[in-house]
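Colleague: Submitted below is the structure of interest, expressed as structure tokens.
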Amino acid sequence: MKFAAITIGVGIVGVLLASSLQGRATIAGTGVNSEMVVIDPEITGSVAPLQAAGDKNPNGAVRLIDLKTGASCKTVMPPEDGAMSSAPLGPDCAKSPSLARIAYWGSTPSGTLVMADAGGHKVLEFAPGDGVMFESVYPPNELITIVPAKS
């Protein structure tokens with residue numbers, strides 16, 4: 001019985017602590033408490049600036065990786081003008097049934113990347129990823145990522 005009382009007590013204290021922390025100011029979108037952030041210009045001056053918001057890969061080369069089949073191919077991202085353009089996917093992409101169907105691709109105003117077949121029907125859709133440039137979100141059973149090409 002004492003164990004249950006201690007566990008409940010610790011749980012209540014944890015909830016109270018978490019709720020009190022949520023009311024503090026944070027740096028937008030980071031969850032970092034603004035009171036804890038100290039920026040030293042001498043140290044940060046040596047850090048390269050971030051790329052422009054729309055520039056996900058400065059040299060434009062990307063690698064598409066189908067995690068189900070292991071197919072991997074290198075290409076260049078389409079222009080971010082919202083128009084569909086032909087997708088220059090190489091023969092290595094043919095090892096992936098989904099990527100082999102791609103004829104066109106383009107970005108949307110919301111930041112997603114859409115890939116379509118020769119008939120213009122959507123085959124794949126990608127959203128900006130966490131740790132990767134893009135990850136597939138449509139259809140939900142696909143596991144394809146897009147990362148910057150290193151070589």
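Quick note: the coordinates plus some simple rules give every number you see, no bench work behind them. Because the structure is a prediction, the values reported are computed rather than measured. Reconstructed Cβ throughout: ideal geometry from the backbone, glycine too, with neighbour counts over all protein chains shown.
Colleague: Can you give me the long-range amide H partners of ALA103? Hydrogens built in the peptide plane at 1.01 Å from N, cutoff under 5 Å, separation of 5 or more residues or another chain.
Modeller: ALA116, ASP117, ALA118
Colleague: Hey, fewest Cβ within 10 Å first, where do LEU64, LEU113, LEU89 land in order? Don't skip to the answer; put the middle values down first.
Modeller: Working: LEU64 28, LEU113 23, LEU89 20.
Ranked by crowding around the Cβ, least crowded first: LEU89, LEU113, LEU64.
Colleague: Still on this model: Could you compute the net charge surrounding GLY90? Neighbours are other residues with a C-beta less than 14 Å from the C-beta of GLY90; K and R count +1, D and E count -1. Mind showing how you got there, number by number?
Modeller: Values: positive: ARG63, LYS74, LYS95; negative: ASP66, ASP92.
Its environment carries a net charge of +1.
Colleague: Determine the alpha carbon to alpha carbon distance for each of LYS68/LYS150; LYS74/LYS95; LYS122/LYS150 and list only those over 19 Å.
Modeller: Distance filter (> 19 Å) returns LYS68/LYS150; LYS122/LYS150.
Colleague: Using a basic spin-label model with each label point 7 Å from the Cα along Cα→Cβ, how many nm lie between MET84 and HIS121?
Modeller: 1.2
Colleague: For an R0 of 41 angstrom, estimate the FRET efficiency from the Cβ-Cβ distance between SER110 and ILE6 and round to the nearest 0.05.
Modeller: Numbers: r = 49 Å, r/R0 = 1.19.
Efficiency for this residue pair is about 0.25.
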